[in-house]
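Visitor: If you scroll down you'll find the structure; I have some questions about it.
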Amino acid sequence: MDGMGWMDPQKWADSRKIDTFLEYAAQVREKADVFVLIGVGGSNQAARAVIEALRPEGGPRILYAGNNLSAIEMNRILCEIEGKSVYLNVIAKNFETLEPGAAFRILRAELKKRYGDAYRERIFATGTAGSSLEALCREKGYRFLEFPEDVGGRYSALTSVGLFPMAAAGVNIRELVRGALDLRKELERNQKEDHPVRAYAAMRNELYRRGYRIELLAYFEPSLYWFSRWWIQLFAESEGKEERGIYPASFQCTEDLHSTGQFVQEGTPIIFETFLEIGDTGSSLVIAEDEEADGFAYLAGRDLDEVNRLAAKAVKEAHEKRNPCLEIRMEKLDAYWFGRMFYFFEYACFLSARLLNVDPFDQPGVEKYKKILFAALREEKGGKEKYEA
């Protein structure tokens, strides 16, 4: 089966490769005010998930482009990089996807205008060996990082695709890879079906057979928003085909309890929930005494983190009376545990898709809209093509 290169994290994240990522990242962190990550879907979701959750101090500001076709958003990025030292990382496995292609063209032109021929040293490109992107790098002198041929975008967190931009932001990528490797070794030692990774895959498929069609990943730390977006893509693209699959959605608590929470509690019974728990958030904030009679005196002296945990306990108690509820635990919000979680869900998704008897690594539905869009862009008007691949 194609796409199994993610299974052994050391294949694409050994010490030598990590040293290269860190060497390039050090150059960016020293010289850049802004580092723009250009990619869509699996080409940026994992890096964004960790960077936005951990927000390492120091280094460049990280911006994200190439994930939409909005002129409004691109103009905002151009305004934000005005007067700043800018470096780019364009990530594209086959360099045929329109969104990153358009963004790279626009931002590359901006760098040329500012830096002249020196713009070349400010571009890093991550693509497949032998691709048109690698050829462009050889021609123009951009630094090239290999996007593994045997790893799909949504499984690429532990490769150059995710690790280099994480390192540029200041994430400890050695610890992140160690987390994934530790879980892999654990799975090799423990072949039992009740291991949490295997149990999660089996339980969600059993619930699917019982008629539950939507899985909500529920979390109580807003910093996990982009991780939930990565999780959604992983399961949606891997399982949603041949008229099968569980629809993955996220549930940010406590905010969403005051909107979609009503549907979860009393709507159509097609939902099950997976609660992503955090053992130690590493944060504390005690609510002070206050003489004002605002009705919240019972909060005085309480730690806000404790209040959030009590809310999580109450939500689970209320929801499990109606919906099946699963629990997955991250001990800490740090690089090591993000590495474990990436591997946990990638492995579980692979198993779950196989239980559904679908290919976990293709995405034929995505290609359909691209064909229609490219045909429209290539339509001739006045004897000239409106789009050039």
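Visitor: Scan region 257-279 residue by residue and report those that are surrounded by fewer than 15 Cβ atoms within 10 Å (Cβ to Cβ), closer than 30 Å to D334 by Cα and touching a Lys or Arg at 6+ places or on another chain (Cβ under 7 Å).
Guide: Listed by number, the list holds a single entry, G279.
Visitor: Something else now. For region 134-156, does any single residue satisfy the condition of being outside any loop (DSSP other than H, G, I, E, B), among the basic types (K, R), free of Cβ contacts under 8 Å to residues at least 12 places away in the same chain and open to solvent by 10 Å² or more (accessible area, probe 1.4 Å)?
Guide: Going through region 134-156, the residues outside any loop (DSSP other than H, G, I, E, B) turn out to be 134-140, 143-146, 153-155.
Narrowing further to those that are among the basic types (K, R): 138, 140, 143, 154.
Right, trim to free of Cβ contacts under 8 Å to residues at least 12 places away in the same chain and you get 138.
If we keep only those that are open to solvent by 10 Å² or more (accessible area, probe 1.4 Å) too, we end up with 138.
Looking through region 134-156, at least one residue is outside any loop (DSSP other than H, G, I, E, B), among the basic types (K, R), free of Cβ contacts under 8 Å to residues at least 12 places away in the same chain and open to solvent by 10 Å² or more (accessible area, probe 1.4 Å).
Visitor: With the checklist (1) within 30 Å of D359 (Cβ to Cβ); (2) open to solvent by less than 10 Å² (accessible area, probe 1.4 Å); (3) aromatic (F, W, Y) in hand, flag the one item F124 doesn't pass.
Guide: It is condition (1) that F124 fails.
Visitor: To continue, here is another question. Kindly check whether there is at least one residue in region 341-356 that is in contact with a Gly (Cβ under 7 Å, 6 or more places away or on another chain) and within 30 Å of M4 (Cβ to Cβ). Quick ask: steps written out before the conclusion?
Guide: Filtering region 341-356 down to residues in contact with a Gly (Cβ under 7 Å, 6 or more places away or on another chain) leaves 356.
From the residues that got through so far, the ones that are within 30 Å of M4 (Cβ to Cβ) too are 356.
Yes - at least one qualifying residue is present in region 341-356.
Visitor: Name the residue that is surrounded by the most Cβ atoms within 10 Å (Cβ to Cβ), counting only residues in region 35-54 that are in contact with a helix residue (DSSP H, G or I) (Cβ under 7 Å, 6 or more places away or on another chain) and part of a loop (DSSP other than H, G, I, E, B).
Guide: Once the filter is applied, the top-ranked residue is G39.
Visitor: Same structure, new question: Of the residues that make up region 12-34, is at least one assigned to a helix (DSSP H, G or I), of a type in the set (A, V, I, L, M) and in contact with a Leu (Cβ under 8 Å, 6 or more places away or on another chain)? Steps first, please.
Guide: First, pick out the residues of region 12-34 that are assigned to a helix (DSSP H, G or I): 12, 15-31.
After this cut, where a residue has to be of a type in the set (A, V, I, L, M) as well, the list is 18, 22, 25-26, 28.
Those still in the list that are in contact with a Leu (Cβ under 8 Å, 6 or more places away or on another chain) too: 18.
Within region 12-34, one or more residues are assigned to a helix (DSSP H, G or I), of a type in the set (A, V, I, L, M) and in contact with a Leu (Cβ under 8 Å, 6 or more places away or on another chain).
Visitor: Can you find a residue that is farther than 19 Å from N44 by Cα, free of Cβ contacts under 8 Å to residues at least 40 places away in the same chain and open to solvent by 10 Å² or more (accessible area, probe 1.4 Å) anywhere in region 102-111? Steps first, answer last, please.
Guide: Looking only at region 102-111, we keep the residues that are farther than 19 Å from N44 by Cα, and these are 109-111.
With the extra rule that they be free of Cβ contacts under 8 Å to residues at least 40 places away in the same chain, the set shrinks to 109-111.
Retained after the next criterion (residues that are open to solvent by 10 Å² or more (accessible area, probe 1.4 Å)): 109-110.
Scanning region 102-111 turns up at least one residue that is farther than 19 Å from N44 by Cα, free of Cβ contacts under 8 Å to residues at least 40 places away in the same chain and open to solvent by 10 Å² or more (accessible area, probe 1.4 Å).
Visitor: Any residue in region 299-311 that is of a type in the set (A, V, I, L, M, F, W, C), within 18 Å of E215 (Cα to Cα), open to solvent by less than 50 Å² (accessible area, probe 1.4 Å) and under 28 Å from the mean Cα position of the chain (by Cα)?
Guide: Going residue by residue through region 299-311, those that are of a type in the set (A, V, I, L, M, F, W, C) are 299-300, 304, 307, 310-311.
Right, trim to within 18 Å of E215 (Cα to Cα) and you get none.
Checked against the condition, which is being of a type in the set (A, V, I, L, M, F, W, C), within 18 Å of E215 (Cα to Cα), open to solvent by less than 50 Å² (accessible area, probe 1.4 Å) and under 28 Å from the mean Cα position of the chain (by Cα), region 299-311 yields no hits at all.
Visitor: Something else now. Go through region 248-270 and report how many residues are closer than 14 Å to K316 by Cα and either β-branched (V, I, T) or touching a residue at least 60 places away in the same chain (Cβ under 8 Å) (or both).
Guide: 3
Visitor: Follow-up question, since we're still on this one. Could you say which residue among Y115, Y87 is assigned to a helix (DSSP H, G or I) and of a type in the set (S, T, Y)?
Guide: Going through Y115, Y87 in turn, just one is assigned to a helix (DSSP H, G or I) and of a type in the set (S, T, Y): Y115.
Visitor: Give the residues of region 1-11 that are open to solvent by less than 40 Å² (accessible area, probe 1.4 Å) and either aromatic (F, W, Y) or modelled with pLDDT under 95 (or both), sorted by residue number.
Guide: Hits for region 1-11 are G3, W6.
Visitor: Which of (1) more than 15 Å from G39 (Cα to Cα); (2) over 19 Å from the mean Cα position of the chain (by Cα) is the odd one out, the single condition L107 does not satisfy?
Guide: (1)
Visitor: So which of E73, E57 ends up being assigned to a loop (DSSP other than H, G, I, E, B) and either on the phi > 0 side of the Ramachandran plot or open to solvent by 50 Å² or more (accessible area, probe 1.4 Å) (or both)? Spell out how you get there, then give the answer.
Guide: On the way: E73 fails: assigned to a loop (DSSP other than H, G, I, E, B).
E57 is the lone residue from the list that is assigned to a loop (DSSP other than H, G, I, E, B) and either on the phi > 0 side of the Ramachandran plot or open to solvent by 50 Å² or more (accessible area, probe 1.4 Å) (or both).
Visitor: Sticking with this structure for a sec: For S284, which of the numbered conditions (1) without any contact (Cβ under 8 Å) to a residue 12 or more places away in the chain; (2) open to solvent by 50 Å² or more (accessible area, probe 1.4 Å) fails to hold?
Guide: (1)
Visitor: Going through region 323-353 one residue at a time, which ones are open to solvent by 30 Å² or more (accessible area, probe 1.4 Å) and either at pLDDT below 95 or acidic (D, E) (or both)?
Guide: E327, E331, D334
Visitor: Could you please give the count of residues in region 228-245 that are touching a residue at least 40 places away in the same chain (Cβ under 8 Å) and open to solvent by 10 Å² or more (accessible area, probe 1.4 Å)?
Guide: Residues that pass the stated criteria total 8.
Visitor: Can you find a residue in region 190-209 that is surrounded by fewer than 19 Cβ atoms within 10 Å (Cβ to Cβ) and hydroxyl-bearing (S, T, Y)?
Guide: So far as region 190-209 goes, no, none of its residues is surrounded by fewer than 19 Cβ atoms within 10 Å (Cβ to Cβ) and hydroxyl-bearing (S, T, Y).
The values are calculated or read from the model by the stated rules, or taken from the named source; none is laboratory data. All of these numbers come straight from a predicted model, not from anything done at the bench. We place every Cβ from the backbone using ideal geometry, glycine too, and count neighbours over all the protein chains shown. To get the accessible areas, we keep the full protein, side chains included, count just its heavy atoms, and leave off ligands, DNA and RNA. Shrake-Rupley method; radii C 1.70, N 1.55, O 1.52, S 1.80 Å.
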